[in-house]
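Only the coordinates and a few stated rules stand behind these numbers; no lab work does. The shown structure was predicted, so the numbers you read here are calculated from the model rather than taken from an experiment. Cβ placement follows ideal geometry from the backbone for every residue including glycine, while neighbour counts extend to all protein chains displayed.
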């Protein structure tokens, strides 16, 4: 929420045809109650948003930290805007400018780094890249939280940020699935330990039936084999979907990191060192041995 709150609608951001809305209504003929005309009881709205509230289509709730709009009929979330009086946007962008200038100077110093320092710097920049695309996803997700366009929200965001519709949709979905604390993520998924630094892994994972499982699967496969590729990951998900659609059941218990969707996953679980002392891992090893023994008994 910007300092000049009177210059635009506090719901949709429109800058034309603005009204002052009283959160506590004045009633017919006005009111002598000074609290009704106090600044904290007023909010700047455009005619469209103002009409939606007065027509009882929306319910507006405002406190010192946020302004939230809900659908009056269903109670479902429509949009929200957060406010922090102590936040200094100019200082934030100033820090980003300093960081950018630092990266420009960095190019001049790279030739003087040792071999070990080159490896260290490359790893650092890879981590920075991960944070940059994650921040971009957060920006698009935040834009969605402020939008009043309903089903046309992603289309409007794509136009405003000058990006492809699919890019906007996938980045928003990735942020909602893996990084949005407001959604109450399942801690058993170990989402905080995901270290894959390219957005492609996350974008592919969200198209699986269980995104957290598949991202954990990709990370484990990548740790086991650094050459494990996005195309292989996409193929694993395809095989997993085919197995589920075929109704193939397995006696192997569920695991917060892995499930036995295909033989590749089974092979991975039984070889990962972290599963060595895990009851799930032990059972997998036992099943694998039983299957090997059964197969050997069939051989004449």
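Some points to look at:
- Surface/4 estimate of mean projected area, convex hull on alpha-carbon atoms of region 88-185, nm²: 8.8
- Calculated FRET value between residue 15 and residue 91, using beta carbons and R₀ = 22 Å, to 0.05: 0.30
- Calculated FRET value between residue 209 and residue 105, using beta carbons and R₀ = 41 Å, to 0.05: 0.30
- Volume in Å³ per residue [convex hull over Cα atoms, computed for region 5-82]: 95
- FRET efficiency estimate (nearest 0.05) - Cβ-Cβ, residue 25 to residue 164, R0 51 angstrom: 0.70
- Proportion of all alpha-carbon pairs of region 49-126 beyond 22 Å (%): 58
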